[in-house]
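Step one of this worksheet: look at the structure below.
The values are calculated or read from the model by the stated rules, or taken from the named source; none is laboratory data. Values in this document were obtained by computation on a predicted structure and should not be read as measured data. Backbone-built Cβ (ideal geometry, glycine too); neighbour counts: all protein chains shown. Calculation scope for accessible area: heavy atoms of the full protein, side chains included, ligands and nucleic acids excluded. Shrake-Rupley method; radii C 1.70, N 1.55, O 1.52, S 1.80 Å.
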Amino acid sequence: MKHAILAACLMSVSLGASAEELGRARLGYAGFVAGLNIVNLESGVSIRADGYEMGLSVRSAGTFGAFVTIRSHASAEGTWRGDHAVPQRYTSWGLFRGDERHTDIVYPDGDPLIQVLVPERDTDREPVPDALRRGTMDGFSMIADLVRGVAKSGGCDGQVHTFDGRRAAVITSHTGGVDVLPQESRSMFQGPALRCDFESLVLAGLPRDVGPDDSARRPQKGSIWLAHVLPGMPMLPVLLTMDTRLAGHVNVYLTQASSQVDLAEFTPRAP
């Protein structure tokens, strides 16, 4: 779920645009732990009057990448129902500890229906009951729903339930106010930005060896800052900070932003 939160937060692009506008953005990010660049991310978004498409690619970086290989791709598409995002499809592919993982989920009746899940059975994880799958959305559609609210109300208060094929979680966000981000060599942005604080709690799908008092059963907290970066575009995410169980405190900085994007580049597939 940590990856889902990260991916979802980084995809919160252009979603405040009116239904008549077409928004496109390509964003680059660098993730740091203890001062070391461990991952690089690229994202692409296309917003149409009748829906949205999003993609994200993540790769390990620097010295860390020489020892640990991280490769993952994910995409999502959906429509709008009033002011809310309605997912239609979520697909992801990646390598985890050297093993391939592939997920393909569709939403024929508003609830997630798994089309592909590799490996099919995750015996080392708790099962997710059907009741916790109903009415959920993928992480990208989640942030689409929340950030669209920023443009409507100027705040980011809300709560949604997500399911990524293996884990179910509830994610709550709150408006944190406006902060002035200082000049930072790792980031292309400095200036005022809206802070949205979020909290994620995994409800089911944790590894079976996670004990009742393990930190994985406690809410994971973080913040995301949104600001105007591209002319004519709504606010984009410029900084993300979060505490993770495995890596500790992670900072993700915006490194590039462009209105030129080809969504085909982000189609989840093995190399």
- line: Restricting attention to segment 1-30, the residues that are over 27 Å from Val128 (Cβ atoms), modelled with pLDDT under 50 and open to solvent by 40 Å² or more (accessible area, probe 1.4 Å) number exactly 4
- prompt: Residues in segment 69-85: is at least one farther than 27 Å from Lys152 by Cα, buried (at least 24 other Cβ atoms within 10 Å of the Cβ) and at pLDDT 85 or above?
  reply: yes
Cβ pairs under 6 Å, 6+ apart, first in segment 197-217 and within 15 Å of Ser173 (Cα to Cα), second assigned to a strand (DSSP E or B) and open to solvent by 40 Å² or more (accessible area, probe 1.4 Å): Asp197/His174; Glu199/Lys221
- prompt: Taking segment 93-135 as the search range and keeping residues that are in contact with a Pro (Cβ under 6 Å, 6 or more places away or on another chain) and not acidic (Asp, Glu), which one is farthest from Val178 (Cα to Cα)?
  reply: Arg125
message: Take the conditions of a type in the set (Ser, Thr, Tyr) and in a strand (DSSP E or B) and apply them to Thr103. Does it pass?
response: yes
- prompt: Among the strands (runs of 3 or more DSSP E) contained in segment 193-258, which hold 3 or more residues that are open to solvent by 50 Å² or more (accessible area, probe 1.4 Å) and under 22 Å from Leu36 (Cα atoms)?
  reply: 248-258
- line: Only one of Val118, Val128, Val33, Val106 is open to solvent by less than 50 Å² (accessible area, probe 1.4 Å), over 17 Å from the mean Cα position of the chain (by Cα) and under 22 Å from Leu206 (Cα atoms), namely Val128
